[in-house]
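Just below is one structure, and these are the notes that go with it.
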Amino acid sequence: MQTFRLVKVAGKSIIKNKMRTLLTMLGIIIGVGAVIIMVAIGEGAQGQIEQQIENLGTNMIVITPGAATTSGASQGFGSFSRLTGEDAIKIRNESIYAAGVSPVMSSFFAQIVGGEGNHRASILGVTPEYQTIRNWNTTSGRFFTAQEERTGKKVVVLGQTVVKQLFGTRDPVGERVVVNRIPMEVIGVLESKGQTPDGNDQDDFIIIPFTTAQNRIGGRSFIRQILISTYTPQDIPAAQEEIGAILRESHGLAEWEADDFQVRNQEQLSEAAQGTTEVMTALLAAIASISLLVGGIGIMNIMLVSVTERTREIGIRMAIGARGSDVLTQFLIESIVMSILGGALGVALGVGGSSLLGSTMGWATAVNPETVMIAIAFSAAVGIFFGFYPARKAASLNPIDALRFE
Amino acid sequence: MSEKQAVIRVKGIRKTYLMGKTKVHALQGVDFQVMQGELVAIMGASGSGKSTLMNIIGGLDYPSSGSYFLDDIEVNKLSKNDLADIRNQKIGFVFQGFNLLARTSALENTELPLLYDRSKRIKNHKAAAQKSLERVGLGNRVDHFPNELSGGQQQRVAIARALVTNPSLVLADEPTGNLDSKTTVEVMKLFQELNEEGVTIILVTHEDEVARYAKRIVELRDGKIIRDVEQTPDSAARDLEELLARRARENDIEEPEAAEAD
Ligand SMILES: Nc1ncnc2c1ncn2[C@@H]1O[C@H](COP(=O)(O)OP(=O)(O)O)[C@@H](O)[C@H]1O
Ligand SMILES: [Mg+2]
């Protein structure tokens with residue numbers, strides 16, 4: 001077929017001008033590589049966030065302070081919202097759906113001294129139910145009991161990172177540590193949960209009983225969330241409604257006042273998180289697409305120069321019988337082949353780059369075949385779009401003028 | 001001798017170029033025919049319209065008026081695409097400046113017209129190109145690039161390329177203009193041989209010594225034919241001497257000038 005022969009001609013021309021070909025493709029290579037790396041980072045982050053939310057525990061409801069919308073007027077002066085220990089107690093006492101309730105008091109950067117040195121980590125003050133709600137096992141020792149929690153015992157459960165910092169590989173259970181100058185006994189070590197996509201260490205903290213936290217650390221800490229588990233997943237919607245009502249009563253909200261808290265289930269949390277990462281992925285891809293566009297303009301630029309440079313060649317081809325459409329097809333194929341080739345090299349760069357990023361930065365990067373297909377299809381489209389104008393310019397040359405061109 | 005067919009018939013051809021507001025009448029009513037097997041030299045001073053006429057005969061350009069038949073096809077009425085096909089299948093062009101593709105072997109250059117041959121008469125392109133190169137005496141240079149060949153050899157590749165489609169007509173516009181006298185004679189001898197094999201050839205030259213190889217001379221002046229005569233072609237041997245002698249004389253005159261300029 002004629003087109004097949006013209007592909008061969010285009011191929012030869014591409015091979016004969018390696019430097020020009022490489023320069024032409026460079027923009028596409030970088031553009032496609034950037035798109036793939038950016039999308040891989042975004043999707044990796046998304047995947048990890050999803051997994052993290054799944055990791056949170058099963059049948060879980062999370063209450064956070066603050067209204068769902070931050071749009072102004074309804075949030076008057078005195079309504080600076082807080083969750084309190086009483087809220088948690090009221091839910092535990094009144095809810096029929098709640099299986100476990102744990103307020104989470106947190107304080108950043110407590111000073112912990114013990115073992116071989118000292119370390120700063122955040123503290124969580126929770127009830128024993130926290131362990132079952134979050135489905136979080138200890139690798140050594142145990143979690144504190146309800147009794148220890150109620151009486152404000154000075155016991156502490158350590159995250160893996162804290163253990164590593166203070167005790168190395170030694171088992172710290174039974175040892176003493178000093179938390180913000182308060183001596184406490186290490187009773188357990190939690191299993192590792194790894195890193196969040198944005199690089200936060202989820203093992204760099206300690207857990208103490210809620211009452212202990214209230215009594216000893218109180219001043220600078222606040223209740224960040226209340227975690228609740230239900231008996232079955234089917235209970236969740238009803239539980240959310242019920243708990244919302246309990247909290248409104250607890251906060252003394254009038255009927256016309258909006259909630260000053262949010263009650264969300266895992267799905268809603270993951271939707272929110274996904275929304276953020278989707279926006280991030282789209283943004284990254286958009287930025288990377290601009291480089292692809294610039295790459296396309298680069299192709300057009302070099303093809304235009306190439307048409308001028310090869311005016312004589314075009315004249316020769318026309319003189320010996322090439323139709324305008326033959327010349328158009330040849331140049332179009334050249335730019336398409338170059339952009340697809342550039343796209344393929346860009347994919348290689350993207351896949352290599354994202355796995356390198358993944359391994360050196362500890363990010364979960366995911367290249368899916370879909371992205372690769374889209375990237376190559378897109379670069380072919382770039383080749384057609386930006387190759388068409390130069391190709392048409394070549395095809396519309398007058399053979400006599402083209403032959404006379406020096 | 002068998003009955004000869006007219007390969008081309010040119011009737012009342014005019015060509016007017018517009019240069020800004022002024023009109024240049026490059027051809028002002030040209031009539032002539034070329035029969036199969038002829039070797040015609042078109043002569044005339046620079047600017048007399050030789051190239052303009054060749055471009056029209058070669059299907060590279062349309063006349064402003066008049067009609068032109070090639071193998072009984074009225075070429076001046078064809079579309080651009082059909083004109084391209086005529087150039088491809090019926091005409092072989094040889095240029096003054098060779099016009100070979102750089103970084104492309106002699107064989108690939110020779111093959112090139114077959115790429116655009118929509119009639120698909122010739123199946124094996126490589127074999128046809130090889131045969132064509134052998135015909136011009138370059139069977140042992142097929143893999144050479146143009147920059148590895150002498151001017152005469154490059155022009156012979158161009159002739160092989162013109163012949164590869166078995167055209168009705170070979171056109172050559174000043175084919176020896178860039179060649180030295182020795183290779184000029186070689187190339188002209190080649191044209192003569194090809195003509196003896198039956199190829200119809202029209203070539204443009206302003207050198208009498210080159211025109212002597214032709215069987216017929218058509219002379220143009222100011223876009224009109226002023227002379228159209230048959231002649232007995234000279235032998236190559238005698239001509240070579242004359243050409244060398246004349247070019248030597250020209251060099252003798254030029255050399256002192258060049259020395260002064262230094
Ligand atoms: N494209 C063109 N535009 C304007 N004038 C042209 C063009 N081509 C040729 N001419 C003019 O037409 C006349 C004949 O030119 P040409 O056929 O090239 O002569 P020759 O080949 O005999 O030297 C000249 O006066 C030339 O300047
Ligand atoms: Mg001329």
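The values are calculated or read from the model by the stated rules, or taken from the named source; none is laboratory data. Just so it is clear, the model here is predicted, and its values are computed rather than measured. Heads up, the Cβs are rebuilt from the backbone with ideal geometry, glycines too, and the neighbour counts pull from every protein chain shown. Accessible surface areas use protein heavy atoms only, side chains included; no ligands, DNA or RNA. Shrake-Rupley method; radii C 1.70, N 1.55, O 1.52, S 1.80 Å.
Here are the numbers for this structure:
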| quantity | calculated |
| --- | --- |
| Total formal charge among the other residues, if their Cβ is under 14 angstrom from that of B:GLY44, Lys/Arg +1 and Asp/Glu -1 | -3 |
| Only Lys, Arg (+1) and Asp, Glu (-1) charged, at Cβ; the protein assembly as shown dipole about Cα centre in debye | 720 debye |
| Of A:LYS164, A:LYS18, A:LYS90, the one that fluctuates the most in a GNM where chain A has Cα springs shorter than 10 Å | A:LYS18 |
| Longest segment of chain B lacking GluC sites (Glu not before Pro) that sit in a DSSP loop with at most 14 other Cβ atoms within 10 Å | B:4-196 |
| Cα Rg, Dmax (largest Cα-Cα span) when computed across region A:58-265, Å | 18.0, 57 |
| Residue mean of other protein chain beta carbons inside 10 Å, B:95-102 | 4 |
| Degrees between helix A:369-395 axis and first principal axis of chain A (Cα, 0 to 90, nearest 10) | 30 degrees |
| Protein-only accessible surface order, largest first, of A:PHE261, A:PHE388 at 1.4 Å | A:PHE388, A:PHE261 |
| Net charge, B:ARG9 excluded, C-beta distance under 11 Å - Lys, Arg +1, Asp, Glu -1 | -3 |
| On Cα atoms only, tilt of A:236-250 relative to the major axis of chain A in degrees | 60 degrees |
| For the protein assembly as shown, alpha-carbon Rg relative to the globular expectation (2.2 N^0.38 Å, N residues) | 1.69 |
| Dipole of chain B [Lys/Arg +1, Asp/Glu -1 at C-beta], most positive-end residue of B:ILE91, B:SER105, B:ALA248 | B:ILE91 |
| Distance cut-off 21 Å, percentage of C-alpha pairs in region B:32-147 lying past it | 50 percent |
| Under Karplus coefficients 6.51, -1.76 and 1.60, residue-wise ³J(HN,Hα) of region A:180-185 in Hz, glycine/proline x | 6, 6, 9, x, 9, 9 |
| Solvent-accessible area buried by B and A, counting both chains, probe 1.4 angstrom, square angstrom | 2300 Å² |
| Rg over Rh [alpha-carbon atoms, Kirkwood Rh] for region A:209-278 | 1.04 |
| 13 Å beta-carbon shell around A:MET184, net charge (K/R +1, D/E -1) | +2 |
| Calculated log₁₀ intensity ratio I(q)/I(0) where the Debye formula runs over C-alpha points of region A:282-406, q = 0.15, 0.21, 0.23 Å⁻¹ | -0.72, -1.09, -1.22 |
| Distance between region A:146-164 and region B:77-126 - C-alpha centres, whole angstrom | 88 Å |
| Fluctuation leader among B:ALA127, B:ALA41, B:ALA158 - chain B, Gaussian network, Cα springs under 10 angstrom | B:ALA127 |
| Max mean-square fluctuation residue, GNM over chain A, Cα-Cα springs under 10 Å, options A:ALA88, A:ALA285, A:ALA245 | A:ALA245 |
| Filtered trypsin sites (Lys or Arg not before Pro), region B:100-195: DSSP coil and at most 11 other beta carbons within 10 Å | B:LYS120, B:ARG121, B:LYS123 |
| Shielding score for B:112-119, defined as the mean number of other chain Cβ atoms within 10 Å | 5 |
| Nearby lysines by direct alpha-carbon distance to A:LYS393 (threshold 17 angstrom, same-chain neighbours under 8 apart not counted) | B:LYS80 |
| Computed helical MRE - 222 nm, chain A, DSSP H runs ≥ 4 contributing -39500 (n - 2.57), nearest 500 | -19000 deg cm²/dmol |
| Of all accessible heavy-atom area on region B:6-249, the percent that carbon and sulfur account for (1.4 Å) | 48 percent |
| Shielding by partners - mean other protein chain Cβ count within 10 Å, residues of A:311-319 | 5 |
| Dipole in debye (nearest 20) - region A:184-306, about Cα centre, beta carbon charges: Lys, Arg +1; Asp, Glu -1 | 480 debye |
| All-pairs Cα distance distribution in chain B, expressed in whole percent, bin size 5 Å | 1, 6, 12, 16, 18, 16, 13, 10, 5, 2, 1, 0, 0 |
| Whole-Hz ³J(HN,Hα) from phi, Karplus 6.51 cos²θ - 1.76 cosθ + 1.60, for region A:171-178, glycine and proline x | 7, x, 4, x, 6, 10, 10, 10 |
| Spatial separation of Cα centroids for region A:244-299 and region A:177-193, in angstrom | 35 Å |
| Pairs from A:LYS16/B:LYS131; B:LYS15/B:LYS182; A:LYS12/B:LYS77 whose Cα-Cα separation, in the structure shown, is over 28 Å | B:LYS15/B:LYS182; A:LYS12/B:LYS77 |
| Interchain or long-range residues, amide H under 5 Å from A:ILE223's placed H | A:LEU83 |
| ³J(HN,Hα), Karplus 6.51/-1.76/1.60, whole Hz, each residue of region B:62-67, x for Gly, Pro | 9, x, 6, 7, x, 10 |
